[in-house]
Amino acid sequence: MNGRRALILGLVGFVSFLSGGWLVQRGTARAGTAYEHARLFQDVLAHIAEHSVDTLNESQLYDMAIDGLLAQLNDPYANFLRPEDVNQLRERTSGTYGGLGMQIDVRDGWITVIAPMADSPALEAGIEAGDRIVGVEGVSTFGWLNNKAVAELRGEPGTDIQISIQRPGVPEPFDFTLTRATIHIKSVQAAMMLQPEVGFLSLTYSTIGESVVDEVMEAVTELRDQGARSLIIDLRNTPGGLLDAGIALTDLFLDRGQVVVDTRGRTGAASETYETRNDQQWPDLSIVVLVNGGTASAAEIFAGALQDHDRAAIVGTPTFGKGLVQTVFPFGPDHALQITTGRWYTPIGRSIQRPIRRVGESLRIVGGLQEELQDMEGDTTVTQLSDVFYTDTGRPVKGGGGIRPDITVRPDTLTDGEQAFWRSLGAQIPDYRGALTTFALEFKAEGGITDPDFPVTNAMRAELIRRVRANGVELSNSVFTAARDLLDSQLEYEITQYVFGRDVATMRRTRNDPQVQRALELLRGSPMTEELRTRVAQESGTGGDDRNQ
């Protein structure tokens, strides 16, 4: 178990290419047939390369053949990785890259700093949230897309780059010369106290990477020092990460020797049961885990294990259902083959992977988000496909792919008027976003808002609408009026983020988040785990030991 843990990854995994002997042995009985097909393929390839009217060299033809072969597998994640792909893979799995350390996005046509990262060259140089990067090495960035900016700003650690910054409230741009460093992308996005005894830990939109255990240990320890007796772990829109890291994260919250996940594949190397190796860190901490359709891969392993062992209440909507083991077989330093070699199963035997079927030329995951939403409204199509399993205490939970929450809480949906607003914006959404951000940055520059609980006034909303129209967006008064609450909430969050920081904005957003609020209701009075389990059973209509009833 020790060696393999570091080899198989939730999103991707590196293993040594040791299957050559297996291929030789299995191929012996049919060597003639295999040899003939190989020769036939080579002859076809040579004739196409020499005689085809289209100009394609043999290298291109081989690449096309590889891609065509992988496209015929019933494997949506099969991929042949070229040098650029391999570099991106290393970056994703390690959580590190060479750069300046700041989150950026396009606003009003300019590359805008959303937030500098801790201990980064950007933060140390004094770059602030809301700064516009208007030039890189003397070249204007107006009109750049995100991928262009990322490509220019990143580079080898130790190399210098000159950028020009336009700061709200400062008349003229000014220059920075920054030295790129090795930047680590954190898994823990936020950690704070929501109530006197309830901590909140967010891994939203982040990857469960190599340092997740250290980050979670540090964050939970600080929350405990602040009085946390219960914890909300937000895994919504957490796309997964390393299997090894997901298992190590789960190890913090389960008892020694409990099963975390099974992997099952065609070969012995692809089939294994992973168990916790340490005593859990905070056995008296009651836990609610938030999930949704964007919770995938290693995040589903974590949520499924805690649910199966009755360690946490799962709240939200069904998860994505990505339970396939991807193994990467490297071919030299710059190429690799990524294929699915197994499936993941929760401790009680539920398959995390949703069924996949081929529809025409494409692969389709059965039971996607739309079907789940229909299921919540009373359509039993998905439910009928799902077997029932039982947790350690006998609570029934459904299989069928993904992790079904103990308590389903749908997020607030857009009203008809708000949906009409977004449809009317269409391709002009960036113009709207640009006006919104520019307006928020002016509040930051002026320093007029000092209370993070500031109200959004009619005058603020009217000014935003004026600026949106000045950006060329022509919408009727009735469209804006129907989207009033949406405009207010976006103004509230954008201003709070730039004036007070992301943590304060996150705190304010949780007050209007129905899934967070339901979690807080469950944790009212900081119940022990057994009491929390009882509350979940009462709200979900499931009890213990249903097998004996």
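Among residues belonging to the stretch 156-186 that are closer than 30 Å to residue 238 by Cβ and of a type in the set (Lys, Arg), point out the one that is modelled with the lowest pLDDT.
Ranking the qualifying residues of the stretch 156-186, first place goes to 186.
Go through the stretch 190-211 and count every residue that is assigned to a loop (DSSP other than H, G, I, E, B) and over 18 Å from residue 286 (Cβ atoms).
Selection size over the stretch 190-211: 8.
Among the residues of the stretch 350-370, write down those that are surrounded by 13 or more Cβ atoms within 10 Å (Cβ to Cβ), out of contact with any Gly (no Cβ under 8 Å at 6 or more places or on another chain) and at pLDDT 55 or above.
356
Give the stretch 407-423 a look and list any residue that's crowded, with 16+ Cβ neighbours inside 10 Å and of a type outside the set (A, V, I, L, M, F, W, C), or say none.
Result: 408, 417, 418.
Would you confirm whether any residue within the stretch 235-245 is surrounded by fewer than 24 Cβ atoms within 10 Å (Cβ to Cβ) and more than 21 Å from the chain's Cα centre (by Cα)?
No: the stretch 235-245 contains no residue that is surrounded by fewer than 24 Cβ atoms within 10 Å (Cβ to Cβ) and more than 21 Å from the chain's Cα centre (by Cα).
Across the stretch 29-83, what is the total count of residues that are under 30 Å from residue 354 (Cβ atoms) and surrounded by fewer than 10 Cβ atoms within 10 Å (Cβ to Cβ)?
So the count comes out to 1.
Condition check ((1) under 19 Å from residue 523 (Cα atoms); (2) touching a residue at least 60 places away in the same chain (Cβ under 8 Å); (3) part of a loop (DSSP other than H, G, I, E, B); (4) not assigned by TED's automatic domain parsing to the domain that holds residue 407) across all residues:
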| residue | (1), (2), (3), (4) |
| --- | --- |
| 213 | no, no, no, no |
| 220 | yes, yes, no, no |
| 238 | no, yes, yes, no |
| 254 | no, no, yes, no |
| 263 | no, yes, no, no |
| 279 | no, no, yes, no |
| 288 | yes, yes, no, no |
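Quick check on this structure: which one of 284, 310 is surrounded by fewer than 24 Cβ atoms within 10 Å (Cβ to Cβ), in contact with a Gly (Cβ under 9 Å, 6 or more places away or on another chain) and of a type in the set (D, E, K, R)?
Result: 310 is the single residue among 284, 310 that is surrounded by fewer than 24 Cβ atoms within 10 Å (Cβ to Cβ), in contact with a Gly (Cβ under 9 Å, 6 or more places away or on another chain) and of a type in the set (D, E, K, R).
Residue pairs, Cβ under 7 Å, 6 or more apart or interchain, first in the stretch 34-52 and within 17 Å of residue 64 (Cα to Cα), second part of a helix (DSSP H, G or I) and among the aliphatic types (A, V, I, L, M). List them.
Hits for this filter: 45/61; 48/61; 49/61.
For the stretch 339-354, check the following and say yes or no: at least one residue is more than 30 Å from residue 537 (Cβ to Cβ), of a type in the set (A, V, I, L, M, F, W, C) and assigned by TED's automatic domain parsing to the domain that holds residue 285.
yes
For the stretch 240-252, which positions are assigned to a helix (DSSP H, G or I) and touching a Gly at 6+ places or on another chain (Cβ under 7 Å)?
Hits for the stretch 240-252 are 243, 245, 246.
What pairs come out if I take residues in the stretch 483-500 that are part of a helix (DSSP H, G or I) and pair them with residues that are among the β-branched types (Val, Ile, Thr) and surrounded by fewer than 20 Cβ atoms within 10 Å (Cβ to Cβ) whose C-beta lies under 6 Å away, six or more apart or interchain?
488/456; 491/456; 492/456; 496/504; 499/449
Kindly establish whether residue 523 is in the same structural domain as residue 284 (by TED's automatic domain parsing), buried (at least 20 other Cβ atoms within 10 Å of the Cβ), over 25 Å from the mean Cα position of the chain (by Cα) and in contact (Cβ under 8 Å) with a residue 40 or more places away in the chain.
When the stated conditions are applied, residue 523 does not pass them.
Go through the stretch 491-507 and give me each residue that's over 22 Å from the mean Cα position of the chain (by Cα) and modelled with pLDDT of 90 or more.
Those that are over 22 Å from the mean Cα position of the chain (by Cα) and modelled with pLDDT of 90 or more: 491, 492, 495, 496, 499, 500.
Do we find that residue 178 is of a type in the set (A, V, I, L, M, F, W, C) and outside the structural domain of residue 251 (by TED's automatic domain parsing) in this structure?
Criteria met by residue 178.
Looking only at the stretch 462-481, filter to residues that are free of Cβ contacts under 8 Å to residues at least 12 places away in the same chain and of a type outside the set (S, T, N, Q); which one of those is surrounded by the fewest Cβ atoms within 10 Å (Cβ to Cβ)?
474
Kindly establish whether residue 195 is in contact with a Phe, Trp or Tyr (Cβ under 9 Å, 6 or more places away or on another chain) and surrounded by fewer than 22 Cβ atoms within 10 Å (Cβ to Cβ).
No: the conditions fail for residue 195.
Within the stretch 222-236, which residues are outside any loop (DSSP other than H, G, I, E, B) and under 25 Å from residue 411 (Cβ atoms)?
223, 230, 231, 232, 233, 234, listed by residue number.
So in the stretch 164-175, with the set limited to residues that are part of a strand (DSSP E or B) and in contact with a Ser or Thr (Cβ under 8 Å, 6 or more places away or on another chain), which one is nearest to residue 120 (Cα to Cα)?
175
What strands (runs of 3 or more DSSP E) completely inside the stretch 43-153 contain at least 1 residues that are charged (D, E, K, R)?
102-107, 132-136
So if I check each of 150, 139, 106, which one is surrounded by fewer than 19 Cβ atoms within 10 Å (Cβ to Cβ), within 30 Å of residue 464 (Cα to Cα) and aliphatic (A, V, I, L, M)?
150
The values are calculated or read from the model by the stated rules, or taken from the named source; none is laboratory data. Please read all numbers here as calculations on a predicted model, not as lab measurements. Neighbour counts are summed over all protein chains in view; Cβ atoms, including those assigned to glycine, are modelled from backbone coordinates with ideal geometry.
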